Amino acid sequence: MKVGVIAVQGAFREHIRVLRELGADAVEVRRAEQLEDADAVIIPGGESTAIGKLMRTYDLMEPVKALGQAGKPVFGTCAGMIVLANRISGGEATHLGLMDVEVNRNSFGRQKESFEADLDMAVLGDEPYPAVFIRAPHIESIGAEVEVLATYEDRIVAVQQGNLLAASFHPELTGDVRLHDYFLSLAKRS
Ligand SMILES: NC(=O)CC[C@H](N)C(=O)O
């Protein structure tokens, strides 16, 4: 199982570490060729404007879009979720626009820069999932094909649309590998 992690900015090293711990062949992606035989892709957290700009500069937008449209799993965390969205509140220009969600970029920002919260996520079992939020976005609205996986204080913070997965928080920063494991299970099925 080869998983490409977009490695232009942000927390890509942490994703690579978790994926390798789970036995996946994780590779840092900075060139389109590195995505050629990828079974799945992760877009990490960081800063969405920077990630979007660098993905365009390195010609990574089209190949990632093509993988997602071909049914390969794509997981966006925090800024990566913003990069996946097809609407950004305030009318900002979108990036990949693959996922039918509207995101609010800095909904948990300023007053609460970062925090941890236990989330109920039925797809991960009964045990609460410890989520780390850092200047986190949330999902304001979703299309008909999108399933809510978790909410925090009535805000949607994790979603799935078939092969596409997105979370407001940073699953690569907690010791809990269940969400990466779930993502890899989607890749095995596809
Ligand atoms: N930790 C994060 O990835 C923060 C994302 C940030 N709010 C953005 O707009 O890109």
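The values are calculated or read from the model by the stated rules, or taken from the named source; none is laboratory data. None of these values were measured; they are calculated from a predicted model. So basically every Cβ, Gly included, is an ideal-geometry build from the backbone, and we count neighbours across all protein chains shown. Just the protein is used for accessible areas: all its heavy atoms, side chains included, with ligands, DNA and RNA removed. Shrake-Rupley method; radii C 1.70, N 1.55, O 1.52, S 1.80 Å.
Suppose we filter the stretch 39-65 for residues that are within 16 Å of the chain's Cα centre (by Cα) and away from the ligand (no atom under 15 Å from the Cβ); how many remain?
In the first step, residues of the stretch 39-65 are kept if they are within 16 Å of the chain's Cα centre (by Cα); the result is 39-52, 55, 60-61, 64-65.
Retained after the next criterion (residues that are away from the ligand (no atom under 15 Å from the Cβ)): 39-41, 60-61, 64-65.
Adding up the residues that qualify gives 7.
Of the residues A122, A187, A167, only one is open to solvent by 20 Å² or more (accessible area, probe 1.4 Å) and either aromatic (F, W, Y) or in contact (Cβ under 8 Å) with a residue 24 or more places away in the chain (or both); which? Give the derivation first.
Details: A187 fails: open to solvent by 20 Å² or more (accessible area, probe 1.4 Å); A167 fails: open to solvent by 20 Å² or more (accessible area, probe 1.4 Å).
The conditions single out A122.
Of the residues that sit in the stretch 131-158 and are part of a strand (DSSP E or B) and more than 16 Å from the ligand (Cβ to nearest atom), which one is most open to solvent (accessible area, probe 1.4 Å)?
Step one: list which residues in the stretch 131-158 are part of a strand (DSSP E or B), which gives 131-134, 138-142, 147-152, 155-158.
Cutting the leftovers down to more than 16 Å from the ligand (Cβ to nearest atom) gives us 141-142, 147-151.
On the way: S141: 39, I142: 60, E147: 99, V148: 64, L149: 16, A150: 3, T151: 74 Å².
If we take residues in the stretch 131-158 being part of a strand (DSSP E or B) and more than 16 Å from the ligand (Cβ to nearest atom), then E147 is most open to solvent (accessible area, probe 1.4 Å).
Taking the options V101, V18, name whichever one is part of a helix (DSSP H, G or I) and open to solvent by less than 10 Å² (accessible area, probe 1.4 Å). Steps first, please.
On the way: V101 fails: part of a helix (DSSP H, G or I).
From the options V101, V18, the qualifying one is V18.
I need the full set of residues from the stretch 133-182 which are closer than 12 Å to T77 by Cα and in contact with a Pro (Cβ under 8 Å, 6 or more places away or on another chain), in order please.
Listed by number, the residues that qualify are L164, L165, S168, E172, L179, H180.
Would you confirm, using the coordinates I've provided, whether G68 is farther than 17 Å from F169 by Cα, in contact (Cβ under 8 Å) with a residue 40 or more places away in the chain, within 10 Å of the ligand (Cβ to nearest atom) and within 14 Å of the chain's Cα centre (by Cα)?
Numbers: farther than 17 Å from F169 by Cα: yes; in contact (Cβ under 8 Å) with a residue 40 or more places away in the chain: yes; within 10 Å of the ligand (Cβ to nearest atom): no; within 14 Å of the chain's Cα centre (by Cα): yes.
The answer is no for G68.
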